[in-house]
Amino acid sequence: MPQGNAVAARPAGQAAAPAEEQAGGSSFMWKIGSAVGMYMLVQLLTKQFMPASTPAKATVSTADGNTVTVPVTTGDVPPYLLRPKQLDEGATYNQIPQKIAPIWPEDSYLDITVTLSPSFALTPIKDTPEDYVVLQEKNFKVGNYSDKRSIDTTINVPPAVQNNGTLWGHVYVGLTGASLDPTDPAFDPASAYHFAHPLTQYIAKKKVVKNRSLLAGKNETQDQEDAKLREEIQTTGPIVGSYYHPNTSLSFIPSTGVMVYPQTHPAVRQFLHLEATGARDGSGQNSWYYPIIFVNTFWQLKSHMTVLNETVKTLPLHIDLDNLANWKFTTMASIELSSRESARQAAYGNPMPGGGDGSEIEMVKEILMDTNPILLGITIVVSVLHIILETLAFGSDIAHYRKKKDNVGISVRSILANVFMQTVIFLYLIDQSQNTSWMILGSQGIGIVIELWKITTVVNVRLRPAPPGSIIPYRVSFEDKHKLSDTEEKTKEYDEIAFKYMYIAGVPLLLAYAVYSLIYDTHKSWYSYILATLVGSVYAYGFLMMVPSLYINYRLKSVAHMPGKAMVYKFLNTFIDDLFAFTIKMPFLHRLSTFRDDIIFFVYIYQRWAYKVDYTRVNEFGQGGDEVEGEKGVESEKKAEGAGLPPAVVPAVSGGEEVKAKATGVEGGKAKRRRG
């Protein structure tokens, strides 16, 4: 039988190979068929839901027998060249058109000329000085994104512009070969149009408070100038200056189609130029518009602008001519209009949502333009990581103090000092608000609130009557929540020792820095001087506030009382702050302090290595036992306490048998000795 089976198996094995080849071939053909079927299905769906693009223009005959080229994207609005000569019977003329359609085909070839003038009034092109005719381009195709033109030149600043006047750019656009000058008798509004746009901007100047030496006495001349400036701002509003940016972009916006004019966004409407003669279709409700030219000032940063005055004789000028996608145009125009309005409202002293002044968008643009792309990409990623870690640190810190039932290892003085220091930093950041991001301010404020809450978890904060003879009738008293244990008393003692040496080291340094700053530095006021001195000391010696906790760890030979997760989250954030120090706007001292916390991190890491923690049981500080919850955690704590108790003797029971009771810790096995 075995031989027969072997012989029978041989033909079956030989036949298996062709069967496998046939199966593999059919599988391959099935894959090809599936791919072809999927391709045909995608093509069908594409044709069904995304019809093929229609031509941008069509050639038709007018009622006069003339052949004209008209756009085909006008919807229910007739092409401009096929408009009726009079309104339909019973129709009324609407001064504000409802629907507007493109007047020319989207792929038209255009001629563009740009001239400069100190006047909004139109000057004939032939009478414009040659130096002020800065751009002349022929056969520029709308919708061709690869067609880009640019010019670089230098212009002489007109005297009127030097004296707070406006430098106007006059833009002439027309179909190729048409007359562009509206003063030319051959000019036809159906084939050309003109508009003027300012190339200078009037931006409100921020009030700059000048610093002065507090020991030099008052400068009467300066005080008079400051008083005059404040009075002028109150009576006439903000003081504006004329600013000029050397780069100007003119972008045509193709594929805009039919629009409902009253519903268009104001940011878009400012660049719409309606048909010049006021023509309407037969209903009297609809009209046409010329191709949209977006004068793109989105990337014009104030820090790159020149303040115009009589000393500015010449200016560089760079003009880009290109096409821009419609969605990019609407996005940038809306953001630019919003930021300018915010800046204008802030200049008049009106409150803004979130307390901004319109410069936040400017800061984002500056980061996008001036930061290395790789560094910028890393910053965006770690920004999200920073928010996550900061949230986790806040949550872990709160959870740690909520669960803690004693004051072992906690430096109450450090918490109080930390509240004071963070408050000083917060006030300093507000005083320097023009150089501070709101993200920095918000994080600082949340930290103060958590530190205040920590105090209430370790001590009772009470308002008690002040001792007799005190000026203030009441005082704030910090009282222990319960009778302190021996370890808590040691913690309190070590805290006092650490702070005694800190005072010896810190107070002379603070006084020395205060004297130096008063003599050699300038300040806005005595309030700013006090804040700058305190915050300078906090930034320079603030890491000393963590020294008591490190000292207590050293004396107790333990880090079990430390909020481990919160500390790790916070220290990871210090390295992220090191990266932010190079990209986010913040005062120099705050930037310097981000590197200070790294020292404490490495010391803490060493202590965690030296004083190892056993997370499998509850420690002598009433913490730990991460793997057990509820009753198991309580039982483990009782077993650890009972391990050190002497055996208890139980009286003999009836029946003459004696039962010896063991301590709870003995029944449960020997408790592990734990370091830290």
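Nothing in this text is a laboratory measurement; each read-out follows from the coordinates by a stated rule. Not measured: the values here are computed from a predicted model. Backbone-built Cβ (ideal geometry, glycine too); neighbour counts: all protein chains shown.
Taking other Cβ atoms within 10 Å as a rough exposure proxy, Leu416, Leu463, Leu321 sort from fewest to most as Leu463, Leu416, Leu321. The residues Val384, Val364, when put in order of fewest to most other Cβ atoms within 10 Å, stand as Val384, Val364. Electrostatic tally near Asp322: other residues with Cβ closer than 13 Å to its Cβ, Lys and Arg +1, Asp and Glu -1, net +1. Fewest-first ordering of Arg402, Arg344 by other beta carbons within 10 Å of each residue's beta carbon gives Arg402, Arg344.
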